[in-house]
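To start, the structure itself, in structure tokens.
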Amino acid sequence: MKLVKVLTGSALSLALLFSAAPAFATSAHSNAEDVRVTSDFKAQLYTWDITNSTGIFANSFEQDGIKWYIKGITKNSDGTWTAHYEGRRV
């Protein structure tokens, strides 16, 4: 009985992992329409808002020596999505 539970749990975990894999493989820059980067000089903290129509964004990525981490996603009134990133120089 325990073996059946372990196998079932493992199968469900793998199914969940593989169903989410396409979201991890996407680029944060696909369909980018609006890009704005600002910086806080003292904290060396950068912010970047990226807007696209799909609502699919990378959790984190590195570009131009800055490691970017997603801080939030908002849906705009025109049906597009905006991701809010914060980054630091690496």
Report summary line: Ordered by number, the trypsin sites (Lys or Arg not before Pro) in the stretch 41-71 that occupy a DSSP loop and have at most 15 other Cβ atoms within 10 Å are Lys42
Requested in this report: Enumerate the amide H contacts of Trp68 below 5 Å, restricted to partners 5 or more residues apart or on another chain; note that Pro and chain-start residues carry no placed amide H.
Outcome: Phe61, Glu62, Gln63
**Report entry** Simple label model, 7 Å out from Cα along Cβ direction - Asn59 to Leu45, nm
**Finding:** 2.2 nm
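Can you give the net charge of the other residues whose Cβ lies under 11 Å from the Cβ of Val90, counting K and R as +1 and D and E as -1?
Result for the local shell: +1.
No value in this document is a laboratory result; all are computed from the given coordinates. This one's a predicted model, so the numbers in the text were calculated from it and none came from an experiment. FYI the Cβ positions are ideal-geometry reconstructions off the backbone, even for glycines, and counts take in every protein chain you see.
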